Amino acid sequence: MLYEAGFTPLLLNATQNRRLLDYGCGLTAIVRRATVQSSEVAPQEFVAAAGALDRRIRRNSPTHIAFLGKDGYAAIKKTRALSWGLQEDRFAGAHAWVLPNTSGLNRATLNELVAAYVPLRMAAFPSRG
């Protein structure tokens, strides 16, 4: 999906996720434990982890950050009224986006995911056309 949306010039496999840094992208998690679905994480866990996430984002200073799925960002912002895409508020100084999760459990097609992620890529990396 990242390749199709133009974030990387080559198709990377999951074991090459550290190579995303070469293209100005990084991955992190709000709650640092493995789950199958975000529904396995209680809203209080997202809130409790928000401070550490804020510090990680400020330390690395990205201009944009994407939250995959609405659950984590909604819990942190203490709201249920989130729209997809660019958010009005920044998070840790970065433009905050809420995008569909790329998990295979998500019912979105590859084309739908690419369409959702292209606006972020265009905002973050306009020269990658």
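Applying the set (1) touching a residue at least 40 places away in the same chain (Cβ under 8 Å); (2) exposed (fewer than 15 other Cβ atoms within 10 Å of the Cβ) to Gly51 leaves exactly one unmet item: (1).
In region 59-68 there is at least one residue matching the filter, namely being without any contact (Cβ under 8 Å) to a residue 40 or more places away in the chain and closer than 17 Å to Val114 by Cβ.
Residue check: is Arg107 loosely packed, with under 15 Cβ neighbours inside 10 Å, out of contact with any strand residue (DSSP E or B) (no Cβ under 7 Å at 6 or more places or on another chain) and more than 19 Å from Glu4 (Cβ to Cβ)? It is false that Arg107 is loosely packed, with under 15 Cβ neighbours inside 10 Å, out of contact with any strand residue (DSSP E or B) (no Cβ under 7 Å at 6 or more places or on another chain) and more than 19 Å from Glu4 (Cβ to Cβ).
The number of residues in region 57-75 that are within 11 Å of Ala96 (Cβ to Cβ) and touching a Leu at 6+ places or on another chain (Cβ under 8 Å) comes to 4.
Phe46 satisfies every condition listed in (1) part of a helix (DSSP H, G or I); (2) at pLDDT below 95; (3) under 15 Å from the mean Cα position of the chain (by Cα) except (2).
Of the residues making up region 55-112, just one is among the hydroxyl-bearing types (Ser, Thr, Tyr) and outside any loop (DSSP other than H, G, I, E, B), namely Tyr73.
For region 25-48, a residue qualifies if it is surrounded by 14 or more Cβ atoms within 10 Å (Cβ to Cβ) and of a type outside the set (A, V, I, L, M, F, W, C), and the qualifying residues are Gly26, Ser38, Glu45. Against the conditions (1) free of Cβ contacts under 8 Å to residues at least 12 places away in the same chain; (2) within 16 Å of the chain's Cα centre (by Cα); (3) closer than 18 Å to Tyr3 by Cα, Arg90 satisfies every one except (3). Screening region 56-84 for residues that are exposed (fewer than 13 other Cβ atoms within 10 Å of the Cβ) and among the small types (Gly, Ala, Ser) and picking the one that is nearest to Ala124 (Cα to Cα) gives Ser61. For first residues located in region 21-35 and assigned to a helix (DSSP H, G or I), partners that are of a type in the set (Phe, Trp, Tyr) and lie 6+ apart or on another chain with Cβ distances below 8 Å form the pairs Tyr23/Phe7. Quick one: is Arg121 out of contact with any Ser or Thr (no Cβ under 9 Å at 6 or more places or on another chain) and basic (Lys, Arg)? Yes: the conditions hold for Arg121. Enumerate the pairs (first residue in region 114-129 and of a type in the set (Val, Ile, Thr); second residue anywhere and at pLDDT 95 or above and surrounded by 19 or more Cβ atoms within 10 Å (Cβ to Cβ)) with beta-carbon separation below 6 Å, excluding pairs fewer than 6 apart on the same chain, so at least 6 apart or on different chains. From region 114-129, the pairs are Val114/Ala5; Val118/Ala5. All conditions but one from (1) among the polar types (S, T, N, Q); (2) free of Cβ contacts under 8 Å to residues at least 24 places away in the same chain; (3) outside any helix (DSSP H, G or I) apply to Gln16; the one that does not is (3).
The values are calculated or read from the model by the stated rules, or taken from the named source; none is laboratory data. Here the structure is a predicted model, which is why all the values come from computation and not from measurement. Heads up, the Cβs are rebuilt from the backbone with ideal geometry, glycines too, and the neighbour counts pull from every protein chain shown.
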